[in-house]
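Values in this text are rule-based calculations from the coordinates and carry no lab data. The model shown is predicted, which means the values in this text are computed figures rather than measured ones. Note that we place each Cβ from the backbone using ideal geometry, even for glycine, and neighbour counts take in every protein chain shown.
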Number of protein chains: 2
Amino acid sequence: MKVVVIGIGLIGGSMVLDIKALHPDATILGIDANENHLQQAIDLGVVEKAGTTEDLADADFVIVSVPVDIALVVLPQVLDAVGENTIVFEVGSTKLPICEAVANHPKRRNYIATHPIAGTEFSGPSAAIKGLFQGKTNIICEVEKTTFKLQEKALQLFTAMGMRIRYMDPQSHDKHIAYVSHLSHISSFMLGKTVIDKETEEQDIFDMAGSGFESTVRLAKSSPAMWTPIFKQNKKQVVNTLEEYISNLSKFKTLLENDDFDAIYHEMQSVNKIKEILNGINIKK
Amino acid sequence: MKVVVIGIGLIGGSMVLDIKALHPDATILGIDANENHLQQAIDLGVVEKAGTTEDLADADFVIVSVPVDIALVVLPQVLDAVGENTIVFEVGSTKLPICEAVANHPKRRNYIATHPIAGTEFSGPSAAIKGLFQGKTNIICEVEKTTFKLQEKALQLFTAMGMRIRYMDPQSHDKHIAYVSHLSHISSFMLGKTVIDKETEEQDIFDMAGSGFESTVRLAKSSPAMWTPIFKQNKKQVVNTLEEYISNLSKFKTLLENDDFDAIYHEMQSVNKIKEILNGINIKK
């Protein structure tokens, strides 16, 4: 088995670590625009050596795990170079722009659009971990556009990695993921900003921060190079969710200003059911 | 040693578990308005048996760990009943209203105002855990208003529990804690609300939620009975932080609408330094 991973970061790196564990005989080649990352990935044993475009023609799997703006450019080029039996998947957090970008590509049938809902706030080859995808959800879009035998090959791999598969059209994916992922990142970044800005006037604020604050700002450690193009590609949906979030915060502020603490109590009580919802998420893990 | 804990939840319960571990001969008595909680605390071995007001006169330590609105009523009554050698502390997330409530109490010197920055999103006696305060910060306000020998007794206990002590005036405490704790809770509750509201129209959103979403909404599991009075007592500071937060979110939305993705990149990049700040918090834990 021959695997080429293009962009060896948290997701691509973790994928090939799992593939190597499942298929010890697999040859894992890496391509990365950042030479330091490539060398680091080789040194860490995440990939065996550097790959080239020529390696795509007889590869079994090609994983495109680059920021979503780069994916729009790279994926069509990768499809140009792959062979008949190669299955290509990319793993970005937006699906509609990429599906549109390759809609009319002559080798569209060699591509499967996926979004494994997994990750941490860290990035780069050193962030790659084995077993990252165990129990996680993998959203697959437009599955019917992929050749059946290559679909099957990809699905067998995802299942062997421990992922649950969910099928969705790319529009719905991008709309829903704005709520449960993209908005969380903005909420976290702006919370971090609000406190950092205050700290410049008032010393020692962070000395008072506990695990609750840490949890809410964890995502503010995320990579701007990865997240800026996601927000750009999913702008309309992200703006909508942000409007709803700001509206809810503003209503809460008005309740506070009006001393309507009964309403505040009931607002919080009605959101408490997130406990059961999150327990559902935990069970899936 | 005789200890009375009034309000046997996460904080009060965890405190007496630590005290019992440090002083196995201590008698731990519990008082709770909720009879089920009291019985549960006895069954779990968090307290030995129920205490009464009479037990306060010869108690060594009295811990008042009740919602902050109840503390305003209970603390003066507790001070009325304690003996000369009793040190009373309460552990609420607001310090100015409580310090004002007992400012002229004849036994003010038997009270020490504290806020141990520790906790989880859970509540009740079953949420109590040993070692919760290890490495955590304990903010002490108006320390000079407590009798020296009782100060010393309390500080020895906090230190033995593994806490770092920080002294602060109650105004500064309430202002700063609004940023690193109270605002995080509102941000989390309103994020949960935004997604729950959407889920009523669109099914399966939560099926796509990963660990990032879970981290940002974790605090939305918190108790409304505990948090409503905190927001009430710290209303002015909380409204200020919420205004700054909403303003930052609105500016981010404007950048998105204007396609100013360079500015978005730089906004996120400048907040990334939260990594180092949070590493600082982790080291303290």
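Once you average over the residues of B:195-201, how many Cβ atoms of partner chains fall within 10 Å of each Cβ?
5
In deg cm²/dmol and to the nearest 500, what is the mean residue ellipticity at 222 nm of chain B if only DSSP H runs of at least 4 residues count, each as -39500 (n - 2.57), divided by the residue total?
-15500 deg cm²/dmol
Just to be sure I understand: with springs between alpha-carbon atoms less than 10 Å apart, which residue in A:Pro229, A:Pro24, A:Pro125 has the highest mean-square fluctuation in the Gaussian network model of chain A?
Most flexible of the set in this elastic network: A:Pro24.
Of the DSSP beta bridges with both residues in the protein assembly as shown, give the percent that are antiparallel, rounding to the nearest 5.
15 percent
May I ask you to sort A:Phe122, B:Phe213 by Cβ crowding, counting other Cβ atoms within 10 Å and putting the fewest first?
Fewest-to-most ranking of A:Phe122, B:Phe213: A:Phe122, B:Phe213.
Label B:Leu22 and A:Asn34 with points 7 Å out from Cα along Cα→Cβ: what is the distance between them in nm?
The answer from the label model is 4.6 nm.
Mind checking the full-extension length gain between B:Ala160 and B:Lys130? Use 0.36 nm per residue of separation minus the Cα-Cα distance, one decimal, nm.
Contour length minus Cα-Cα distance gives 9.5 nm.
Please report, to two decimal places, log10 I(q)/I(0) for segment A:173-284 at q = 0.21 Å⁻¹ as given by the Debye formula with identical point scatterers on the Cα atoms and no solvent.
-1.36
At 0.36 nm per residue, and after removing the present C-alpha to C-alpha distance, how many nm does the segment from A:Asn85 to A:Thr52 gain when stretched out fully?
Length gained, A:Asn85 through A:Thr52: 10.1 nm.
What lysines could a cross-link reach from B:Lys20, if we take a straight Cα to Cα line under 23 Å and drop same-chain neighbours fewer than 8 places away?
Within reach: B:Lys2, B:Lys49, B:Lys130, B:Lys136, B:Lys149, B:Lys153, B:Lys285.
Rank B:Lys198, B:Lys153, B:Lys130 by mean-square fluctuation in a GNM of chain B with C-alpha springs under 10 angstrom and give only the top-ranked residue.
Residue with maximal mean-square fluctuation among B:Lys198, B:Lys153, B:Lys130: B:Lys198.
Grab every C-alpha pair in segment A:54-129, bin the distances at 5 angstrom width from 0 up to the longest one, and report whole percents.
3, 15, 27, 24, 17, 10, 4, 0
Among A:Glu48, B:Glu90, A:Glu267, B:Glu100, which comes first, second and so on when ranked by fewest other beta-carbon atoms within 10 Å?
Final ranking by Cβ density, sparse to dense: B:Glu100, A:Glu48, A:Glu267, B:Glu90.
Would you mind getting the Kirkwood hydrodynamic radius of chain B from its Cα pairs, rounded to one decimal in Å?
Hydrodynamic radius (Kirkwood, Cα pairs) of chain B is 20.6 Å.
Quick one: Karplus J couplings for segment B:30-40, per residue in order, coefficients 6.51, -1.76, 1.60, θ = phi - 60°, nearest Hz, x for Gly and Pro?
Karplus-based 3J(HN,Hα) across segment B:30-40 equals x, 10, 8, 5, 9, 5, 5, 4, 4, 5, 4 Hz.
Please list, or write none, the aspartates and glutamates whose alpha carbon is within less than 18 Å of the alpha carbon of A:Lys251, excluding same-chain residues fewer than 8 places away.
Candidates past the 8-residue exclusion: A:Glu243, A:Asp259, A:Asp260, A:Asp262, A:Glu267, B:Asp197, B:Glu243, B:Glu244.
What is the mean number of Cβ atoms from other protein chains located within 10 Å of the Cβ atom of each residue in peptide B:220-230, rounded to a whole number?
5
Once the Cα atoms of helix B:224-233 and of chain B are each reduced to a long axis, what angle between those two axes, in degrees from 0 to 90 to the nearest 10, is obtained?
90 degrees
Please give the helix B:261-271 orientation as an angle from the longest Cα principal axis of chain B, in degrees from 0 to 90, rounded to the nearest 10.
Between helix and principal axis, roughly 20 degrees.
Per-residue mean of other chain beta-carbon atoms within 10 angstrom of the beta-carbon, peptide B:251-261?
The per-residue average across the peptide is 4.
For B:Pro106, which inter-copy label distances result when the label point lies 7 Å beyond Cα on the Cα-to-Cβ vector, reported in nm to one decimal and in ascending order?
Distances between equivalent label points, in nm: 9.8.
Which three extents, in whole angstrom, do the alpha-carbon atoms of the protein assembly as shown cover along their principal axes, largest first?
Reported extents, whole Å, longest axis first: 87, 48, 40.
Indicate the gyration tensor shape class of segment A:2-169 (rounded, prolate or oblate), computed on the Cα atoms with a ≥ b ≥ c the square roots of the eigenvalues: a/c under 1.5 is rounded; otherwise a/b larger than b/c is prolate and the rest oblate.
The shape class here is rounded.
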